[in-house]
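The values are calculated or read from the model by the stated rules, or taken from the named source; none is laboratory data. Source: prediction; values computed, not measured. Ideal geometry is used to build each Cβ from the backbone, glycine not excepted, and the neighbour counts take in all protein chains shown.
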C-alpha cells in the first residue's frame, strides 16, 4: 500500500504598492498536518486538502503554484468534461507549474455520488488497470518571461479505464512529497435514458422578465426496471457548467408507462443572468479586445507582463443587449502562430470596476478563470480616492470570459450584479442518476444539453 501523507499548501500573500496598484505575490509554505491516508482506501478525505467554498464536498481545487488547470474533451475544449462509458472518448487534464524544474506527478481517481461525496465502493470496483499512474507528458516553457513546466494527462488510457458511470474526481499529487495539488471534476455516463428538454420564459408573471424555465420528460426508463422514480432517480440541472448554479432534488410531476414528466409551471427555473464580459490577451504585441495597455514591469527583481483592462461599469437597464460569449469559459491561445501550451506567457491582468462601494458583501471576479469559485486572489479592493474597485489575476495568454459577483468568502451565496434577463443565452445540462435500493453508488444514465438561444 502506498501511504499518501496529507499536506497542503496555504496561500501566503504580500501586497506591494506600485503605481497605485497592489500586486499579489504568492509565497508557498508547506504545513504538515500529521494525517495520512491510503489512496487505495475508501477512508480518503479529499475535503481535507480542498480550500475552496465547498468545504464539505469533493470539488475542484488546486495549489497556488498550479496555473491554467483545465480538463477538457480532446475533440473540443469548450465541451463539458464528460465522456461515455466504454467509448473511445477521452479527456485531457492540463496544467502549468510555475517553476523551471520538473517534478514527478501522479494521478488517481475517486468515484462520487450525485452530490459529489465519496461513493461507498472500492477503487477496484470502478477502475480497470493501475489505480495510480505517473504523468510522463511534460514540456518546459519556451521564450517566456515567466518560467513554467506544462503537464498533460489523457484518460482513459492503456493503464487505466472506468468500469462504472457516475461522477469522478481526478487527483494530481506530487509523487515525491506525497502532496495532493489538484482536484478536478468530470463525469462518465451511460446512454440509457432519453431526456427531452424545453427552455422557455418563466411561466409565472413575477418571473417572466428575468427567469428561464426548464421543462423536460424522460423516456426509456423501462430499460432499468425502475419501480419508484421518486426515490430511484436523482436529477441535477446545471447552468453554464457552474456547480454553484444548479437545481437538484427534482421530483416527477406525472408518470405513465412511457414518460416521466417534470413540468411544475415555474418551479424549475433559473435567473437568466447577463452575457459575460470578455478580454483578449492572445497577443502581447498589440492590444486585443478590452485591453487598454500592455507593458513589462519589474516586481522585486522579477520581470512580468502587465495588462490593464478598460474600466468596467455596471449599467442597469431594462433592455437586454446581445453579445457573443463563451458562457464564462476561457480558451488558452497565442497569436503569431505560436504554441500556447509552452509559448504562452503569463500576464498580470488588472480589472477596474466603477460601482458604488458595497458595505455588506465583497465583490469578486468570477468565471472559469477563477475556477467557478470565490477566491482570495479574485477579491476586488475598493479605492477610496478613485471611488472604484480594482483587482488583479495572473493569467496565461488567451481569450477570457468573466463577470463580477457579490459574495461572502467561503460561503455558498453568490449574487450576480450584471443584471437578470430572460433573453440571455445560457447552456443547460440535465444529469440523471439511477440508484436502486440494492446499489451503493449513483449511475449516471442520462444526459441532456441545450441552449436558451433567441428566447422571446
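What to note about this one:
- Residue in the stretch 207-215 that is under 21 Å from residue 74 (Cα atoms), touching a strand residue (DSSP E or B) at 6+ places or on another chain (Cβ under 7 Å) and assigned to a strand (DSSP E or B) present: no
- Unique residue being crowded, with 21+ Cβ neighbours inside 10 Å and more than 30 Å from residue 191 (Cβ to Cβ) when the list is 452, 378: 378
- Qualifying residue in the stretch 410-418 (condition: touching a helix residue (DSSP H, G or I) at 6+ places or on another chain (Cβ under 8 Å) and assigned to a strand (DSSP E or B)): no
- Of the residues making up the stretch 283-319, those that are more than 30 Å from residue 72 (Cβ to Cβ) and not in a strand (DSSP E or B) are 300, 301, 311, 314, 315, 316, 317, 318, 319.
Okay, residues lined up against (1) at pLDDT below 95; (2) touching a helix residue (DSSP H, G or I) at 6+ places or on another chain (Cβ under 8 Å); (3) crowded, with 19+ Cβ neighbours inside 10 Å:
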| residue | (1), (2), (3) |
| --- | --- |
| 253 | yes, no, no |
| 267 | yes, no, no |
| 279 | no, no, yes |
| 290 | no, no, no |
| 293 | no, no, no |
| 357 | yes, no, no |
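- Residue match in the stretch 329-342 (condition: closer than 20 Å to residue 418 by Cβ and either over 22 Å from the mean Cα position of the chain (by Cα) or free of Cβ contacts under 8 Å to residues at least 12 places away in the same chain (or both)): no
- The single condition from (1) more than 16 Å from residue 340 (Cα to Cα); (2) buried (at least 18 other Cβ atoms within 10 Å of the Cβ); (3) in contact (Cβ under 8 Å) with a residue 60 or more places away in the chain that residue 146 fails is (1).
- From 195, 218, 208, 227, residue being farther than 25 Å from residue 415 by Cα and modelled with pLDDT under 95: 227
- Answer residue from the stretch 419-432, given it is in a loop (DSSP other than H, G, I, E, B) and within 20 Å of the chain's Cα centre (by Cα) and is surrounded by the fewest Cβ atoms within 10 Å (Cβ to Cβ) among those: 425
- Condition met for residue 249 (under 28 Å from the mean Cα position of the chain (by Cα) and surrounded by 15 or more Cβ atoms within 10 Å (Cβ to Cβ)): no
- Test for residue 353: is it under 21 Å from the mean Cα position of the chain (by Cα) and either touching a residue at least 24 places away in the same chain (Cβ under 8 Å) or part of a strand (DSSP E or B) (or both): no
- Looking only at the stretch 222-238, and only at residues there that are under 31 Å from the mean Cα position of the chain (by Cα) and not in a strand (DSSP E or B), the one that is farthest from residue 434 (Cα to Cα): 230
- Residue list for the stretch 398-442, restricted to those being farther than 26 Å from residue 213 by Cα and assigned by TED's automatic domain parsing to the domain that holds residue 247: 435, 436, 437, 438, 439, 440, 441, 442
- The residue of the stretch 433-454 that is modelled with the lowest pLDDT, among those that are farther than 11 Å from residue 235 by Cβ and more than 24 Å from the chain's Cα centre (by Cα), is 454.
- Residues being without any contact (Cβ under 8 Å) to a residue 40 or more places away in the chain and over 16 Å from residue 189 (Cβ atoms) - total across the stretch 76-94: 1
- In summary, no strands (runs of 3 or more DSSP E) completely within the stretch 71-122 bear 3 or more residues that are in contact with a strand residue (DSSP E or B) (Cβ under 8 Å, 6 or more places away or on another chain) and either surrounded by fewer than 17 Cβ atoms within 10 Å (Cβ to Cβ) or in the same structural domain as residue 428 (by TED's automatic domain parsing) (or both).
- Some residue of the stretch 149-164 being part of a loop (DSSP other than H, G, I, E, B), at pLDDT below 95 and outside the structural domain of residue 439 (by TED's automatic domain parsing): no
- Counted residues, the stretch 388-399 - those being surrounded by fewer than 21 Cβ atoms within 10 Å (Cβ to Cβ), out of contact with any helix residue (DSSP H, G or I) (no Cβ under 7 Å at 6 or more places or on another chain) and within 14 Å of residue 351 (Cα to Cα): 3
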